[in-house]
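Okay, so here's the structure we're looking at.
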Amino acid sequence: MAISLPSDTNEHQYKAGDTIIKQGDVGRCAFIIESGHVEILLEKEDGTIRNLGTRGPGSMIGEMALIND
């Protein structure tokens, strides 16, 4: 399956440990992972961090904020 991306698509590079989206941020865009892996973390009310999973190449993150925000 081929996906067409809008002409205003930007490429960003992140290093290990960088935060791409922070919980509570207003969604302005979605991200497609081209290479590497991204951990999806949830900070709970008591301050503990829960790992919700890992996404890799071809996965999209942040798309739900576009729908919900």
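The values are calculated or read from the model by the stated rules, or taken from the named source; none is laboratory data. Not measured: the values here are computed from a predicted model. Here the Cβ positions follow ideal geometry from the backbone for every residue, glycine too, while neighbour counts run over all protein chains shown. Heavy atoms of the whole protein, side chains included, go into the accessibility calculation; ligands, DNA and RNA do not. Shrake-Rupley method; radii C 1.70, N 1.55, O 1.52, S 1.80 Å.
Under a point spin-label approximation (7 Å from Cα along Cα-to-Cβ), what is the Lys22-Ile49 distance to one decimal in nm?
Label at Lys22, label at Ile49, 1.4 nm between them.
Once you charge only the Cβ atoms, +1 for Lys and Arg and -1 for Asp and Glu, what is the size of the charge dipole of the range 5-60 about its Cα centre, to the nearest 20 debye? All intermediate terms of the calculation are to be shown ahead of the outcome.
Numbers: 6 positive and 9 negative charges, 18 e Å.
Charge dipole, the range 5-60, about its Cα centre: 80 debye, nearest 20.
Just from its helices, what would the mean residue ellipticity at 222 nm be for the chain, if runs of 4 or more DSSP H residues each count -39500 (n - 2.57) and the sum is divided by every residue, rounded to the nearest 500 deg cm²/dmol? Write out the running numbers ahead of the final one.
On the way: 1 runs with 6 residues, N = 69.
After summing the helix terms and dividing by the residues of the chain, the value is -2000 deg cm²/dmol.
Lys and Arg at +1, Asp and Glu at -1: add these up for the other residues within a Cβ distance under 15 Å of Thr9 and post the number. Display every interim value, and only then the final one.
Values: positive: Arg28; negative: Asp8, Glu11, Glu34, Glu63.
Surrounding charge for Thr9 is -3.
Roughly how many Å² of His12 are accessible to a 1.4 Å probe, to the nearest 10?
So the heavy atoms of His12 present about 110 Å² to solvent.
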